[in-house]
Amino acid sequence: MSEIEVLGVVGGGFMGSGIAESAARAGLTVVIHEPEAAPLERSRERIEASVAKATRAGKLTAEEGEAMLGRLTWTTELEDLRGVDAVVEAIIEDAKAKGSLFKKLDALLPDAVFLASNTSSIPIAEIAAWTRRPDRVIGVHFFSPVPVMTLVEIVRAIDTSDATLAAADALAARMRKHPVHTADRAGFIVNMLLVPYLMAAIRMFEDGFATREDIDEGMKQGCGHPMGPLTLCDFIGLDVMYAIGVSLYDEFKKPEYAPPPLLKRMVVSGHFGRKSGRGFYEYPQAPKPAAAKVPAAA
Ligand code: 3HC
């Protein structure tokens, strides 16, 4: 039985909204925080649309959908997280931004069971070092799209306690996710294997080796992957891919992790993939990005 009944989710982007949706679906009460009103509203719309789709598809009754939405609160005030049992953070992949958030959460939530990060590549120990209670800081790394993907990587840092680990495992079970346990090394299990493959696909495209379509079809039809690598990069977000590549390269200094020059050029030009309307493919429905920027290197 999970000790967590009320979960705070900081960051209402694609990942944070997916985590909040999955938690609310599992019966938890969830408070989602985003400092800006516009992305917070997008988070609400995204979850409401997903619930409406699940209701139409007969996966949820109208009453269950309504009850689930009733368990979610959206707020721009971090203070509104006071009293939650635990937090999962899913903000940008920036070690300083995460660290200063954890410092605030540590002060705001002295009794929280754990403070977790959904980071895909920043050392949990580095985030924990910003708090006075590193024993309760842990990584819980979900996969996109969170409502569909059943895996969670549980990342134990150097000071994470057994009790924190057990509570994170219990949360994963409650959310009907399969936990795998990994050491606190950039990339954990999945990205350490996935990122060299995706970077290789980008290099292959950059070198004119094959068309984007043929690279993707090669892996879909040749290996049975649900998405080809360039489509998957666009889906994950090229800004996110770039930040993960930088973190992994920073940690291991192996060229297979280094973001290829084309990836950096695409990110500085605001070509973030599906979310910005343009990546390796074009997505005419997506909103244009407000400003292009390269995520901070780790
Ligand atoms: N929310 C809720 N449900 C969703 C969803 C979402 N965002 N997206 C898709 N679904 C559901 C659909 O409703 C559908 O459900 P049903 O089968 O019960 O009707 C099911 O998922 C399949 O969706 P679709 O039929 O629309 O589309 P596909 O069959 O093409 O599947 C996909 C979509 C599940 C995204 C599939 O293409 C896939 O598995 N892609 C690979 C995803 C992947 O590799 N993720 C990991 C990325 S790495 C990562 O996250 C780590 C990070 O650190 C980078």
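If we count other beta carbons within 10 Å of each Cβ, what is the order of C223, C233, fewest first?
Sorted ascending by nearby Cβ count, the order is C223, C233.
Angle, helix 212-223 long axis vs. longest principal axis of the chain, Cα atoms, 0 to 90°, nearest 10?
Orientation of helix 212-223: about 70 degrees from the principal axis.
Cα axis of helix 14-25 to longest principal axis of the chain: angle in degrees, 0 to 90, nearest 10?
Once rounded, the angle reads 40 degrees.
How much of the calculated P(r) for segment 6-183 lies past 23 Å, in percent of all Cα pairs?
Details: 5431 of 15753 pairs.
Cα-Cα pairs in segment 6-183 separated by more than 23 Å: 34 percent.
Filter the chymotrypsin sites (Phe, Trp or Tyr not before Pro) in segment 194-258 to those in DSSP coil with at most 16 other Cβ atoms within 10 Å of their Cβ, and list the result.
Taking segment 194-258 and a limit of 16 other Cβ atoms within 10 Å, the loop chymotrypsin sites (Phe, Trp or Tyr not before Pro) found are F209.
Please find, in a Gaussian network model of the chain (springs between Cα atoms separated by less than 10 Å), the residue of H33, H225, H178 whose mean-square fluctuation is greatest.
In this elastic network of the chain, the residue with the biggest mean-square fluctuation among H33, H225, H178 is H225.
Go ahead and set up a Gaussian network model of the chain, Cα springs under 10 Å, then flag whichever of G12, G277, G139 fluctuates most.
With Cα springs under 10 Å in the chain, the top fluctuation among G12, G277, G139 is at G277.
Over 29 Å between Cα atoms: which of K98/K264; K177/K220; K96/K253; K177/K254; K96/K254; K104/K254 fall into that group?
Working: K98/K264 22 Å; K177/K220 25 Å; K96/K253 21 Å; K177/K254 32 Å; K96/K254 24 Å; K104/K254 35 Å.
Listed pairs above 29 Å: K177/K254; K104/K254.
If you filter segment 29-133 for GluC sites (Glu not before Pro), then keep DSSP loop positions with at most 12 other Cβ within 10 Å, what is left? Before the final figure, lay out the partial values.
Working: sites: E36, E41, E45, E48, E63, E64, E66, E77, E79, E89, E93, E126; in loops: E36, E77, E93.
Sites meeting the loop and neighbour criteria: E36, E77.
Rule-of-thumb check for the chain: C-alpha Rg over 2.2 N^0.38 Å?
0.98
Given segment 191-268, report the % of alpha carbon pairs whose separation exceeds 17 Å. Spell out each step's value before the answer.
On the way: 1210 of 3003 pairs.
The share of Cα pairs beyond 17 Å in segment 191-268 comes to 40 percent.
Most exposed first by the Cβ proxy, i.e. fewest other Cβ within 10 Å, how do I122, I158 rank?
Working: I122 25, I158 12.
Going from sparsest to densest Cβ surroundings: I158, I122.
Under 1.5 on a/c is rounded, so check that first for segment 109-230, then, if it is not, pick prolate when a/b is larger than b/c and oblate when it is not; a ≥ b ≥ c are the square roots of the alpha carbon gyration tensor eigenvalues.
Values: a/c = 3.59, a/b = 2.13, b/c = 1.69.
Because a/c hits 1.5 or more and a/b exceeds b/c, segment 109-230 counts as prolate.
Return one number: the angle in degrees, 0 to 90 and rounded to the nearest 10, between the long axis of the Cα atoms of helix 190-206 and the longest principal axis of the Cα atoms of the chain.
30
All of the numbers you see were taken from the coordinates with simple rules; none came from a lab. The structure presented is a predicted model; accordingly, all values stated were derived computationally and were not measured. Here Cβ is always computed from backbone atoms with ideal geometry, including for glycine, and neighbour counts include all displayed protein chains.
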